[in-house]
Amino acid sequence: MTHPLEGLVAGRVRRPGDDGFEERTVSVNERFRDVRPEAVLSVTGPDDVSAAIGWAREHGVPFVARGGGHSYAGRSVNRGLVLDLGGLDQIRVDVRTNRVTVGGGTRQGALYAAMVEHDLLLPLGNSDDVGIGGLTLGGGVSVVSRAIGLTCDNLVSTDLVLADGSTVTCSEDENEDLFWACRGGGGGNFGVNTSFTFQARPAPPMSTCLLLWDWDRAVDVLAVMQEVMRVAPREFSARIGISRASGRDGVVSVIGQHLGPAAELRRLLAPAMTAARPRHVDIADQEYADAVEYLRHESAGGAFAVRTRATPEPLSEEGLRTLVRALEKWPGGTNPDGAGAALFAWGGAIGDVPVRDSAFPHREVQFLLSLDTSWLPGESPEAVRANLDWLKELHEETGQFAPDASYLNFADPDLDDWRTAYYGPNAARLSEIKRRWDPDRVFAGDQVP
């Protein structure tokens, strides 16, 4: 049985049971594995996107655009129509200007390969399957963002298909308000972005680090590393974390990258290694490709939930103890990823852009506090609820030490005051731009400005 869209588009339409349907509709977060669309269209270009939007509007079918499928809140899939952008993955590098133009469905693995080939640097994610659209439109904080800004800060222009089916280009000089919104206002809120152009720069020499400590030194390490990052040069960025998995001892970790030699990186980390002797130290100079591989995120998969806070100041000692005590009370689960709390070092070049110059509002943040828990499909509803309740309680407790500000790219479907948390002082302008470009709210959802 043919789908009504098939006569309107060049791309393939798949239904449940068709070859390739599953891989184009499954959410990376298996918390949402039961959400399945009626159909998925693998688009071949903007014309397909336009036709699909028009058809969906006419027939009242909800639709979403899908890049990498990595939305923490499962927003890369719905129960209507999914626009699979995976075929829009062309990458073009202008070696004269170091500008890089990519299709809206390009994923990080392919883009990193092109960047390494040309020895160019962009703020990208640390998972091969993350899509460039979601990363950029939500801001895009990377291991190199302290040095060269957010992914969206390096955006020169983007093409997108609007609610009325037309295609526009936006930049600093063209459709400036829409360009402002595309830098931190979220993916799929204003249109379907089919192309992005970025300004890359030559990659400098770099080094990486991974340090591990025993659990009893957690508060000491967290406290010292916050101070290390508070005064560190912007060339160095790190993720400072504590984590637990069922049946295993807790672990304290620091993983990071320095755009400079390992000797400098070792000096930067010396206060932490002096305050508490690590049980594992790996600090080394790296070739660009090796650094990308070293920092690649590995996960056991399954289901997870993440809640965040963004703070302009280091957490107090009591705040750090709250994190440690909470991990010690984690209810457990069968997912090897377990649960954790991490402080991502921000600041540096992220703060060079004034708060109101882009939709991304967290310019004065020093640390992103990320709290997470995980489980495997098949665990009892009671076990899942225990994990979610634990995470909710921890998020509430940390409100004593960190503001109610959250990172949009770690989307939280359970967040109450999401408009203020995600967008801060930029929320009102985003709503105005939404009314102008999508007055009928064709691009809809439960957390759309």
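The values are calculated or read from the model by the stated rules, or taken from the named source; none is laboratory data. Values in this document were obtained by computation on a predicted structure and should not be read as measured data. Glycine gets a Cβ as well: all are built from the backbone with ideal geometry, and neighbour counts include every protein chain shown.
Of all the listed residues (N335, N409), the sole one being within 21 Å of H70 (Cα to Cα), part of a loop (DSSP other than H, G, I, E, B), in contact with an Asp or Glu (Cβ under 9 Å, 6 or more places away or on another chain) and polar (S, T, N, Q) is N335.
Scanning the range 31-38 turns up at least one residue that is without any contact (Cβ under 8 Å) to a residue 40 or more places away in the chain and of a type in the set (D, E). When the residues of the range 250-282 are filtered to those that are among the small types (G, A, S) and in contact with a helix residue (DSSP H, G or I) (Cβ under 6 Å, 6 or more places away or on another chain), which remaining residue is nearest to K329 (Cα to Cα)? By that ranking, first place goes to G250. Out of all the residues in the range 377-387, is one or more closer than 27 Å to N126 by Cα and not in a helix (DSSP H, G or I)? Among the residues of the range 377-387, at least one is closer than 27 Å to N126 by Cα and not in a helix (DSSP H, G or I), which makes the answer yes. Within the range 293-310, residues that are closer than 25 Å to Y112 by Cβ and touching a residue at least 40 places away in the same chain (Cβ under 8 Å) sit with their Cβ atoms under 7 Å from residues that are surrounded by fewer than 22 Cβ atoms within 10 Å (Cβ to Cβ) and among the basic types (K, R), at 6+ positions apart or across chains, in these pairs: F304/R31. Considering the range 56-76, and only residues there that are over 17 Å from F190 (Cα atoms) and in contact with a Ser or Thr (Cβ under 6 Å, 6 or more places away or on another chain), the residue that is surrounded by the most Cβ atoms within 10 Å (Cβ to Cβ) turns out to be G69. Scanning the range 286-332 for residues being in a helix (DSSP H, G or I), over 20 Å from L124 (Cα atoms) and not basic (K, R) gives a total of 10. Give the residue that is farthest from G186 (Cα to Cα), with candidates limited to residues of the range 108-141 that are buried (at least 23 other Cβ atoms within 10 Å of the Cβ) and among the small types (G, A, S). By that ranking, first place goes to G125. For beta carbons closer than 6 Å, sequence separation of 6+ or different chains, a first residue in the range 41-68 that is free of Cβ contacts under 8 Å to residues at least 24 places away in the same chain and a second that is surrounded by fewer than 18 Cβ atoms within 10 Å (Cβ to Cβ), the qualifying pairs are V61/G80; F63/G80. When we screen G424, G351 for residues that are within 19 Å of D153 (Cα to Cα), free of Cβ contacts under 8 Å to residues at least 60 places away in the same chain and part of a helix (DSSP H, G or I), the only hit is G351.
For the range 184-239, what are the residues that are over 30 Å from G319 (Cβ atoms), of a type in the set (V, I, T) and touching a helix residue (DSSP H, G or I) at 6+ places or on another chain (Cβ under 8 Å)? Listed by number, the residues that qualify are V192, T194.
If we keep just the residues of the range 419-449 that are farther than 14 Å from H362 by Cβ and within 19 Å of the chain's Cα centre (by Cα), which is surrounded by the fewest Cβ atoms within 10 Å (Cβ to Cβ)? Taking the candidates together, the pick is D446. Of the residues contained in the range 12-21, none is found to be in contact (Cβ under 8 Å) with a residue 60 or more places away in the chain and not assigned by TED's automatic domain parsing to the domain that holds D159.
Tell me which residues, restricted to the range 394-421, are in contact (Cβ under 8 Å) with a residue 40 or more places away in the chain and over 25 Å from V82 (Cα atoms). Selection gives L394, H395, E397, T398, G399, Q400, F401, A402, P403, D404, A405, S406.
Within the range 161-178, restricting attention to residues that are touching a strand residue (DSSP E or B) at 6+ places or on another chain (Cβ under 8 Å) and crowded, with 17+ Cβ neighbours inside 10 Å, the residue that is nearest to R356 (Cα to Cα) is L178. State whether one or more residues within the range 164-179 are touching a residue at least 12 places away in the same chain (Cβ under 8 Å) and under 22 Å from the mean Cα position of the chain (by Cα). Within the range 164-179, one or more residues are touching a residue at least 12 places away in the same chain (Cβ under 8 Å) and under 22 Å from the mean Cα position of the chain (by Cα).
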